[in-house]
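Remarks on the structure that follows.
The values are calculated or read from the model by the stated rules, or taken from the named source; none is laboratory data. These numbers were taken from a predicted model, which means no experiment stands behind them. All Cβ positions, even for glycine, are placed from backbone atoms using ideal geometry, and neighbour counts span all protein chains on display. Surface accessibility is based on the protein's heavy atoms, side chains included, excluding ligands, DNA and RNA. Shrake-Rupley method; radii C 1.70, N 1.55, O 1.52, S 1.80 Å.
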Amino acid sequence: MNGRHIFVGPFVKKEERNLQKHDGFRFTNLYVKNLTDDIAEEELRDIFGVFGPITSVAVMRDENGKSNCFGFVNFEHSDDAGKAIKNLHGKKFNGKELYVGRAQKKSEREAELRGKREH
């Protein structure tokens, strides 16, 4: 059509597309929360490193250097990120239950929360 290729396929809701992405593990950056306030990047790298090569680890800290109890782990391969979620989400670490999931942009997170409130 007008010199462009067109793809025609079945309609898939955005929520279902996001689930497919999550189930297919097509992402590498993970959000991790419920960390202890004294955790170091090296410790987080050790915990997640068993699942595959990591490109970066960041623990978010306040102005005093104390952990805000969340951080990010970015894997080299999406399959490794998926393994980390399956094995670490909900596991106890230093008395806290870890949340491990796909890191989302702020706009994605807000849209998801809006959708949940509307239903």
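The residues on offer are I6, I85, and the sole one that is among the hydrophobic types (A, V, I, L, M, F, W, C) and modelled with pLDDT of 90 or more is I85. Annotation: of all residues in segment 86-109 being under 27 Å from I39 (Cβ atoms) and assigned to a helix (DSSP H, G or I), the one that is most open to solvent (accessible area, probe 1.4 Å) is K86. Of all residues in segment 9-58 being modelled with pLDDT under 80 and in contact with a helix residue (DSSP H, G or I) (Cβ under 6 Å, 6 or more places away or on another chain), which is farthest from A81 (Cα to Cα)? My answer is R26.
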